[in-house]
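The structure under discussion appears below in the form of structure tokens.
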Amino acid sequence: MKNNKKVNVVALYVPNIPVSFGSKEYYGLPGLVIRVEESAITYNAVNIVLNSKEKIKINEPKKGIKISEDEFKANLNKSFDRITKKKN
């Protein structure tokens with residue numbers, strides 16, 4: 001029997017790094033996902049290697065908008081739709 005309780009998820013992303021990538025299934029936002037808080041588990045990016053000659057400094061976000069997991073999934077689906085349309 002599965003436990004179907006809702007999980008609150010917080011995802012922090014960096015729009016300055018415009019890749020839709022992140023931990024686990026948390027990707028598709030308009031920037032690199034660097035932190036995901038999922039219940040009692042937190043996933044953090046610890047090292048980011050970019051193929052760039054210029055040095056990029058990434059500061060921890062001081063503000064942002066919290067969204068629910070359902071809103072996150074809706075944003076993810078919109079992003080996939082945009083990506084799919086660009087490929088066709």
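Quick check on the stretch 46-57. Is at least one of its residues at pLDDT 80 or above, open to solvent by 70 Å² or more (accessible area, probe 1.4 Å) and more than 14 Å from the chain's Cα centre (by Cα)? Yes, because at least one residue in the stretch 46-57 is at pLDDT 80 or above, open to solvent by 70 Å² or more (accessible area, probe 1.4 Å) and more than 14 Å from the chain's Cα centre (by Cα). When the criteria are applied in full, LYS73 fails the requirement of being surrounded by fewer than 11 Cβ atoms within 10 Å (Cβ to Cβ) and basic (Lys, Arg). Within this structure, LYS2 fails the test of being basic (Lys, Arg) and either at pLDDT 85 or above or in contact with a strand residue (DSSP E or B) (Cβ under 9 Å, 6 or more places away or on another chain) (or both). Beta carbons closer than 6 Å, at least 6 apart along the sequence or on distinct chains, pair a first residue in the stretch 33-58 that is over 16 Å from TYR13 (Cβ atoms) with a second that is open to solvent by less than 80 Å² (accessible area, probe 1.4 Å) for SER39/VAL7. Name the residue that is surrounded by the most Cβ atoms within 10 Å (Cβ to Cβ), counting only residues in the stretch 23-45 that are among the hydrophobic types (A, V, I, L, M, F, W, C) and within 19 Å of LYS6 (Cβ to Cβ). Per the stated criteria, the residue is VAL36.
The values are calculated or read from the model by the stated rules, or taken from the named source; none is laboratory data. Predicted model, so just to flag it, every value in this text is computed and none were measured. All Cβ positions, glycine included, derive from the backbone under ideal geometry; neighbour counts span all protein chains shown. Surface areas here come from the heavy atoms of the whole protein model, side chains and all, with no ligands, DNA or RNA. Shrake-Rupley method; radii C 1.70, N 1.55, O 1.52, S 1.80 Å.
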